[in-house]
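Reading through the structure tokens given below for one structure.
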Amino acid sequence: MQIRRLTYLDYQKLKRLVSYLCTDENDRLAKSIMEEPVGIINAVLPLSLKFKSESFILVEDDEILGLITTAKTPGNPQKINITRLIFKENLYDVGKQLVEFVVQKFGAIGATSFMVTIDECHDELSNLFLNGCGFRQCASETLWKIDKPIPEKSNFQWRYAQNNDAGKIAELYNSEVINIYKPSLIRHEKEFKEPFFSGFNDFYKTRFVIEDAKKILGYFSITTSDNLNYILDLTVNSGYDFDYEKIINVMLCEIARKKRAFYPIIKQKKYIKDSERLENYLKAKGYNQIQTKQILVKDFYKPIKQESTAWNVFLLGEDQGIRANNFSTK
């Protein structure tokens, strides 16, 4: 067996591995492979300058048995996110080898923590990372679908976030994280700045702030990777009584300025102080809870736990149930 970087020449082999996935996923993988010339530049850069995700494959007898994709956290190269893991059914050891490979590879060049988010219903995947690879359960996030978004103009005061706001935004965000989650989820100032190579990123993100007397009281963002599915994320000072509907409406209006058809999804961060109040609002509005994702974390210096024996796991990445409803959860 050999683990190496994914290249354009692997396209046909990779199609066989992912042949059981939906057409959208095959197209997504094909597109990422066609961008390999940019990927080659990204591969030789130091960790701090990498600007795109990277994929590695495990090959045996000229057949791809598994694939893993990683991406650094924008503004904080020491945090690595595992965004996709695919391997043939029952080949648990293939998945474990791929995870261990990226932990060792990126840990050797400066990464200190690794994170993955998994649907709470995927017990096998959770066991793989928790029992097989030494990750620990940290927190969770829930996604809520707005079935029929109706953007309406309002006089709510906001402005686009600037890079010089990053320090105040980080201060707000970190103050709103519940204390028990801070060791793993606290964020650095640079994580709220526009990445230097933002035009080459795998996603597009627009940032906004709510400001009063030069004090930032709220931060919200819109993220999309396909210009169809949009993740709406907001963090506000829990000491103020904000109208969530007005904030969400601002984001809907911003999307509607550029897109006539789109699918908005609100992210509820269970580790933020006002999470319960936001949840009550979302339920009152009749929005649909479509997915809860567990956040698993591994610190590079922690030992890998003992391997378990019975596994039946094959995919981490796009959630097919959500994709069937025209939603993406990247």
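A few comments on the model shown:
- For the criterion of being assigned to a loop (DSSP other than H, G, I, E, B) and under 29 Å from THR142 (Cα atoms), LYS96 fails.
- Index of the failed condition, ASN76 passing every other in (1) within 18 Å of the chain's Cα centre (by Cα); (2) surrounded by fewer than 17 Cβ atoms within 10 Å (Cβ to Cβ): (2)
- The stretch 34-60, subset of a type outside the set (S, T, N, Q) and under 20 Å from the mean Cα position of the chain (by Cα), residue modelled with the highest pLDDT: PHE56
- Test: residue in the stretch 99-121 that is among the β-branched types (Val, Ile, Thr), over 26 Å from GLU191 (Cα atoms) and over 19 Å from the mean Cα position of the chain (by Cα): no
- Flag if TYR287 is modelled with pLDDT of 95 or more and within 28 Å of VAL103 (Cα to Cα): no
- Against the conditions (1) at pLDDT below 95; (2) in contact with an Asp or Glu (Cβ under 9 Å, 6 or more places away or on another chain); (3) buried (at least 18 other Cβ atoms within 10 Å of the Cβ), ALA166 satisfies every one except (1).
- Number of the condition not met by LYS214 [criteria: (1) of a type in the set (Lys, Arg); (2) in contact (Cβ under 8 Å) with a residue 60 or more places away in the chain; (3) farther than 27 Å from GLN291 by Cα]: (2)
- Flag for LEU282 being modelled with pLDDT of 95 or more, outside any loop (DSSP other than H, G, I, E, B) and buried (at least 21 other Cβ atoms within 10 Å of the Cβ): no
- Applying the set (1) more than 23 Å from SER225 (Cβ to Cβ); (2) at pLDDT below 90 to GLN104 leaves exactly one unmet item: (2).
- Count of residues meeting criterion [among the aromatic types (Phe, Trp, Tyr) and either part of a helix (DSSP H, G or I) or surrounded by fewer than 19 Cβ atoms within 10 Å (Cβ to Cβ) (or both)] in the stretch 109-150: 1
- The residue pairs whose first member lies in the stretch 141-158 and is touching a residue at least 24 places away in the same chain (Cβ under 8 Å), whose second member is among the basic types (Lys, Arg) and assigned to a loop (DSSP other than H, G, I, E, B), and whose beta carbons are closer than 9 Å, counting only pairs six or more residues apart or on different chains, are GLU141/LYS270; THR142/LYS270; TRP144/LYS285; ILE146/LYS285; PRO151/ARG257.
- When we screen LYS153, LYS88 for residues that are over 21 Å from the mean Cα position of the chain (by Cα), in the same structural domain as ILE178 (by TED's automatic domain parsing) and surrounded by fewer than 20 Cβ atoms within 10 Å (Cβ to Cβ), the only hit is LYS153.
The values are calculated or read from the model by the stated rules, or taken from the named source; none is laboratory data. Keep in mind it's a predicted model, so treat the numbers as computed, not measured. Methodologically, a virtual Cβ is constructed for each residue, glycine included, from the backbone with ideal geometry; neighbour enumeration extends over all protein chains shown.
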